[in-house]
Amino acid sequence: MGAFLQCVQRFASILMCALPIYAVADAPKIVHIGYQKSGFLLLVRSEGTLEKRIESLGYAVEWHEFTSGPPLLEAMNSSTVDFGHSGQPPPVFAQSNGVPFVYVATTESSPDSSGLLVPQNSPLKTVADLKGKRLAFARGSSSHFFAAQLLAQAGLTFADIKPIYLQPSEARAAFQSSAIDAWAVWDPYFSAAELQLNGRTLATGRGLTGFREFYFARKSYLESRAAETLPVILGVLRETGQRVQADVKGTASILAEKLGIPAAVLERSEARAHYTSLLPITPAIIAEQQFSGLFPPTATAVTLGLPRADAFWTSITSARSRSPPMHWVFTGSSSRRGVPARTPGWLPQL
């Protein structure tokens, strides 16, 4: 832990030396963080540790709650949010729409945390049986990508089914009232449907691509003095994640109180999740995320470009010197062409 904090502090000091002079004068004093009510950042918010750490730098934290990744990224586009998280597809859509953000970290994959559910007495037995049926999922979310992969694996496309675009709370009500035939969703909604609605699982994400969380930041935030808070945010995320992994039952109890969901549901959800890890962006992860950009042309009428590799890092050139740009995200060997030898591997032990 000591080595990690030293790397984070070193990164912060290098970053501040690289900031343009003008950024100091107009630096915001509030860092706006977007989180999903069912996500890991809810735990970070409930602990209050981040506020105390950020306060020491002269900043306050303002939290913004969202139902899923797409509306969070819309808020980032309007400069309402500086830092946030989501599953894999929302950033792909957001980037295609010109939302100015940069991927800064990710997590391990949690394929068992997403499921395709049908009512217990449903005649549907396989994904192929979905042909002509009503499948609910949140458009542009991780469940959208999940559904696309499942259909492709079964030799189907979205043209073969009846897509119903619903946020989790709406889809749950539709599932209960039999207004839909199947529901693709992530935890804890997945676990809740299994235990509370007696939903039957046709498939999970096991064997498919993705199912990791991404953390990203607004470009203008990264180019301001407020960027000195980023290492602090990531440091707190890592510390909180380690505590969560060491006490799944205690974490479930805390979330149960915050979300009003039974502890049994959250114990199941937490036991199969790996979103509490914090990993640097690597070339393999970039390639995986670019693969996720391939699904929309098959899934919808919208054709999107692949996530650009340069969206996984940004560079800031010092206004005081002609020094090489500094890369934000550790993406491999610093001897790679175009990456200065002094690039800080600021998450080397993750």
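The values are calculated or read from the model by the stated rules, or taken from the named source; none is laboratory data. Values in this document were obtained by computation on a predicted structure and should not be read as measured data. All Cβ positions, glycine included, derive from the backbone under ideal geometry; neighbour counts span all protein chains shown.
Restricting the search to strands (runs of 3 or more DSSP E) fully inside the range 173-244 and requiring at least 1 residues that are more than 24 Å from ILE33 (Cα to Cα) and within 23 Å of the chain's Cα centre (by Cα) gives 182-186, 200-204. Scanning the range 66-79 for residues that are within 14 Å of the chain's Cα centre (by Cα) and either surrounded by fewer than 16 Cβ atoms within 10 Å (Cβ to Cβ) or of a type in the set (Gly, Ala, Ser) (or both) gives SER68, GLY69.
Only one entry of PRO89, PRO119 meets the criterion of being touching a helix residue (DSSP H, G or I) at 6+ places or on another chain (Cβ under 8 Å) and surrounded by 23 or more Cβ atoms within 10 Å (Cβ to Cβ), and that entry is PRO89.
Listed by position, the strands (runs of 3 or more DSSP E) inside the range 27-145 whose residues that are assigned by TED's automatic domain parsing to the domain that holds LEU234 and among the aliphatic types (A, V, I, L, M) number at least 1 are 30-36, 60-66, 101-106. The set of residues in the range 37-60 that are under 26 Å from GLN88 (Cβ atoms) and surrounded by fewer than 22 Cβ atoms within 10 Å (Cβ to Cβ) comprises LYS37, SER38, LEU42, LEU43, ARG45, SER46. Restricting attention to the range 252-275, the residues that are under 13 Å from SER113 (Cα atoms) and either in a loop (DSSP other than H, G, I, E, B) or touching a His at 6+ places or on another chain (Cβ under 9 Å) (or both) add up to 4.
Taking the criterion of being surrounded by 17 or more Cβ atoms within 10 Å (Cβ to Cβ) and closer than 19 Å to LYS125 by Cα, the residues of the range 168-194 that qualify are PHE175, ILE180, ASP181, ALA182, TRP183, ALA184, VAL185, PHE190, ALA193, GLU194.
Scanning the range 150-173 for residues that are under 16 Å from LEU117 (Cβ atoms) and among the polar types (S, T, N, Q) turns up GLN167, SER169.
Among the residues in the range 237-244, are any more than 30 Å from ASN97 (Cα to Cα) and at pLDDT below 80? Yes - at least one qualifying residue is present in the range 237-244.
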